[in-house]
Amino acid sequence: MNGPSLLLTLLERSAADTTLAEPTRWRERIALLDQLEHFLLDPTVTDAALLERARALQSRLEHANARLFETIRADIRRGDPDALRRWLPPVTDADFSAGHPEAYDDRDAIVAGVLQVEEPGPTSVERSADMVFYQPTPARQVLDLLDRLPMSSDDVFVDIGSGLGHVPMLVSICTSVRSVGLEIEPAYVAAARRAADALELRVVTFIEADAREASLDEGTAFFMYTPFTGGMLRTVLDRLHEQARRREIRVCAFGPFVPTVAAESWLAPTEPVRDGRVAIFRSRVTR
């Protein structure tokens, strides 16, 4: 079957599905929207009537998703700790058995729709060779981390190199634990603050600062998604070691730099380090 025939089949099947707009069908809607985008960009699909039907379906699906996102956002503003997680499938080992560990899935689509982080304005920080290009942490990695990282109201979760703030916001939405995002780029910090303010996340703070100089005194659990390498990483790890001399901390690492963190003599893994998942380390008792 060619592109137009496949699109027609998709449109007819969707038209016959009377429950497609129901909130619980969000995963199917996201999959359909991906397919529609493909067809709308397909140069072989030229029939104006067919394209009009495709755009109408696209609009209907997006409207249904927008209603769901706003419902979740309202629940978050009311302080419901299950506002988001009740809509997301549990993270299991199967989520890590195939595909790239840094790839995104449909959880990221609903998280993006709920957080609604705007595109940042022009960036102003000149990136050094040690700084790694920013990309958000996949939602399933954050949710998996929260399932394995016990935290209480006394904890403060710090994301070092927080970018647009997805991780601190997810942590506080799902746990009510206070979270802090440290980010050197002012445009990213501004966008993250706007998103957190719109959701009335009062336990989330975004600080514009260089991780080599920012205060780390309040943190009890630190997260890093390979934010930097080389000398900059060495400086931050040494600063975390200084914190560990005063109290027990945990360091959560994701990405290519996990072996570097694992090699730190003052850290011990809380469980066997598994490829493709966030590794959790606890500081050793030092003198």
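Which one of Ala15, Ala214, Ala192 has the biggest mean-square fluctuation once the chain is modelled by GNM with Cα springs under 10 Å? Between Ala15, Ala214, Ala192, it is Ala15 that shows the largest mean-square fluctuation. Ordered by the number of other Cβ atoms lying within 10 Å of each residue's own Cβ, fewest first, Ser283, Ser179 fall into the sequence Ser283, Ser179. Extending 7 Å from Cα along the Cβ direction at Asp82 and again at His38 yields two label points whose distance is 3.6 nm.
Could you rank the peptides 193-200, 96-103 by their average count of other C-beta atoms within 10 Å per residue, with the highest value first?
Values: 193-200: 17.2, 96-103: 11.6.
Ranked from most to least packed, the peptides come out as 193-200, 96-103.
Rounded to the nearest 5, the antiparallel percentage of DSSP beta bridges internal to the range 95-283 is 30%.
Run the numbers for Arg194 and Thr229: contour at 0.36 nm per residue of separation, minus the present Cα-Cα distance, in nm.
On the way: separation 35, 0.36 × 35 = 12.60 nm, distance 2.91 nm.
Gain in length upon complete extension: 9.7 nm.
Start at zero, step by 5 Å, and the Cα-Cα distances of the chain spread as 1, 5, 11, 14, 16, 15, 12, 9, 7, 5, 3, 2, 1, 0, 0 percent across the bins. For the range 170-226, a Kirkwood radius taken over Cα pairs fed into Stokes-Einstein (20 °C, viscosity 1.002 mPa s) yields D = 178 µm²/s.
From the alpha carbon centroid of the range 239-258 to that of the range 31-70 is 46 Å.
Just so you know, all these numbers are worked out from the coordinates, no wet-lab data involved. Small disclaimer: the values here were computed from a predicted structure and weren't measured. All Cβ positions, glycine included, derive from the backbone under ideal geometry; neighbour counts span all protein chains shown.
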